[in-house]
1. I'd like to compare 307-317, 79-89, 237-247: which one has the highest average count of other Cβ atoms within 10 Å, and what's the full order after that?
2. Using r as the Cβ-Cβ distance of GLN234 and GLU289, and R0 as 41 Å, what FRET efficiency do you calculate, to the nearest 0.05?
3. If you stretched the chain out fully between ARG192 and LEU205, how much longer would it get, using 0.36 nm times the residue separation minus the C-alpha to C-alpha distance?
4. Using θ = phi - 60° and the Karplus curve 6.51 cos²θ - 1.76 cosθ + 1.60, what whole-Hz ³J(HN,Hα) does each residue of segment 120-130 get, with Gly and Pro shown as x?
5. Which ordering of ASP208, ASP170 is given by a fewest-first count of other beta-carbon atoms within 10 Å?
6. Taking the convex hull of the alpha carbon atoms in the chain, what volume per residue do you get, in Å³?
7. Would you order ASP78, ASP328 from fewest to most other beta-carbon atoms within 10 Å of each residue's own beta-carbon?
8. So what are segment 201-264's ellipsoid semi-axes, whole angstrom, largest first, if each one is the square root of 5 times an eigenvalue of the alpha-carbon gyration tensor?
Amino acid sequence: MLVLGIETTCDETAAAIVRRHEDGRGEIVANVILSQSAEHAAYGGVVPEIAARAHVEVLDLTIAEAMVKAGTSFEALDGVAAAAGPGLIGGIIVGLTMAKAIALVVEKPLVAVNHLEAHALTARLTDAVAFPYCLFLVSGGHTQIVAVLDVGRYVRLGTTLDDAIGEAFDKTAKLLGLGYPGGPEVEREAARGEATRFALPRPMLGRDEPDFSLSGLKTALRLEAEKIAPLSDQDVADLCAAFQRAVVDVVADRVLTGLRAFRRRFGAPTALVVAGGVAVNQAIRRALETVAGMADTSLVAPPAELCTDNGAMIAWAGAERIFRGMTDTLAASPRARWPLEETLAAEKAPA
Ligand code: KG4
Ligand code: ZN
């Protein structure tokens, strides 16, 4: 089965062709990503209007390049998938409309993919992970611990009460005058900083529910920075190191709590799977490896380029759904807000 996937929910324009073999294994045939980071860098964050226009300008060429790289034609496809949300509505409309047009013209099934589901299922493309597994989804927009029971069956165990972890990295970078996206910049600075120089809080540590809160940490960091301003290069590095260490401690504690909650409700998970842009962070990955070991499971972390937004994950989610007959009509709507639990056949968490 050969599926085209289109991703336009944020600031990457991406298209990919993925094959799903009969035994369920996945294979990336072509994967093209055009990042708009440079166009948003001056603003320290993604500007929705600029993003939507940029998607319009480059999406057709991005798809054409993926098709050429795959050496295939639209007629040879078994389906067309596009991320229909959640995300920035202007970009989503661009990608979903394009997918509908292609599906209509070549008479192929359409799949309106939930972007979070695509992150959630990536480990099945890269590592053929079996259900059920515990997912730590950690990106610029989301911080969630989810029980992935099957395609379309997700139970959220924990989430952030305020900022997403990636967002906290981005805001920290902005505060300290570093570039955008902030995660890689903060990680680089942290590598040459002294983490113990500043005592930052570890919000939610030890709580029973595997939830997160980042805003207190962000405020504490700002107050420390204001106290010693103007900041030297070493100050910036030390603040980054302290921030990252606090995040790592919180992540370890919260994900371990999430894994225990998973086991109580669903039995042993096949793996702890990490997804989303923040999963690229090496210190966080190391902590997750330790935590997985403590919970008698192992960590599955897809390669960095498949953790950040990409078309292959959309194509793969499309393939998983087409295989199960879960396709959509041309009436599928773009959705700025679309919780993972609201994908088809989602289970309700008990109140
Ligand atoms: O999944 P993603 O590409 O986009 C969505 O948010 O959906 O994640 C982007 C986020 C940004 O907030 C970025 O700062 C963060 O992932 N990120 C990192 C690192 N690389 C990217 N955060 C911490 N450390 C990194 N090395
Ligand atoms: Zn994402």
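Every number in this text was worked out from the coordinates using simple rules, so none of it is lab data. Being a predicted model, the structure only gives us computed values, none of them experimental. Neighbour counts are summed over all protein chains in view; Cβ atoms, including those assigned to glycine, are modelled from backbone coordinates with ideal geometry.
1. Highest-to-lowest ranking by the protection proxy: 307-317, 79-89, 237-247.
2. With a Förster radius of 41 Å, E is 0.85.
3. On the way: separation 13, 0.36 × 13 = 4.68 nm, distance 2.62 nm.
This chain segment gains 2.1 nm when fully extended.
4. Working through the residues one at a time gives 5, 9, 4, 5, 7, 6, 7, 10, 6, 5, 8 Hz.
5. Ordered by Cβ neighbours within 10 Å, fewest first: ASP208, ASP170.
6. Working: hull volume 43.7 nm³, N = 351.
Considering the Cα atoms of the chain, their hull volume per residue is 125 Å³.
7. Going from least to most buried by this count: ASP78, ASP328.
8. So the equivalent ellipsoid measures 30, 11, 6 Å along its semi-axes.
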